[in-house]
Amino acid sequence: DGTIFPAEASITKISNGGQTFFSVVLRDISEHKQAEQMLAGKEQRYRSTLDSMLEGCQIIGFDWRYLYLNATAEKHNRRANEELLGKKYMDMWAGIESTEVFVIIRRCMEERIAHQMENEFIFPDGTMGWFELSIQPVPEGIFILSQDITERKRAEMEMARRLRNIK
């Protein structure tokens, strides 16, 4: 009927009695292509959701390489996502393996146990920030959701300092 459709071709060369023939089998892959497009659309919607979150989102694979970081994670890390993507977590943060947060992240990676915590992070330039972290196992490795609570922690410390001065 003249309908154009995506096809997969399998071509086999056959030699018989000095003659060469080719066998061609075509398979309509329209449904397969539709399914691929639907999955791509869903992936784009999920990525768009993660990209627009106010919390930092990071996915680290079982090989400890960064698989995904959203724009908020870039702000929290104070490093360009392009600098981290595909790189090993431990290579990007010197000394991280000797920290409490790394012990918890490794436990989540190996034992598949989720954990929530507050963590003070010292950046390579010596500045500090506080983050509330939710570390969760996911099929790809681990998912780290971070919220910057630095201002809240500063306010709490200032309040505690004032209370000590009153007593």
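The values are calculated or read from the model by the stated rules, or taken from the named source; none is laboratory data. Owing to the predicted nature of the structure, the values given are computational and were not obtained by experimental measurement. No Cβ is skipped: glycine too gets one built from the backbone with ideal geometry, and neighbour counts run over all protein chains shown. Areas reflect the complete protein model, heavy atoms only, side chains present, ligands, DNA and RNA absent. Shrake-Rupley method; radii C 1.70, N 1.55, O 1.52, S 1.80 Å.
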- line: Among Gln58, Ile166, Gly18, the residue whose Cα sits farthest towards the positive end of the charge dipole of the chain (+1 at Cβ of Lys and Arg, -1 at Cβ of Asp and Glu, taken about the Cα centre) is Ile166
Principal axis dimensions, largest first and in whole angstrom, of region 1-98 by Cα: 72, 36, 19
- prompt: In whole Å, what is the distance between the alpha-carbon centres of region 132-158 and region 87-113?
  reply: 14
query: Of all DSSP beta bridges in the chain, what percent run antiparallel (nearest 5)?
result: 95
- prompt: Mind checking the dipole of the chain: about its Cα centre, +1 per Lys or Arg Cβ, -1 per Asp or Glu Cβ, Debye to the nearest 20?
  reply: 460
message: Considering only protein heavy atoms and a probe of 1.4 Å, how much of the accessible area of region 22-65 is carbon and sulfur, as a whole percent?
response: 56
- prompt: Any idea of the accessible area per residue across the chain, 1.4 Å probe, to the nearest Å²?
  reply: 70
- line: Options (1) -0.94, -1.18; (2) -0.98, -1.33; (3) -1.09, -1.36 are given for log10 I(q)/I(0) by the Debye sum over Cα atoms at q = 0.16, 0.20 Å⁻¹, and the computed one is (2)
- prompt: What share of all Cα pairs of region 92-167, in percent, falls into each consecutive 10 Å distance bin?
  reply: 17, 40, 28, 12, 3, 0
- prompt: Where a ≥ b ≥ c are the square roots of the eigenvalues of the C-alpha gyration tensor, would you call region 49-103 rounded, which needs a/c under 1.5, or, failing that, prolate if a/b is larger than b/c, or oblate?
  reply: prolate
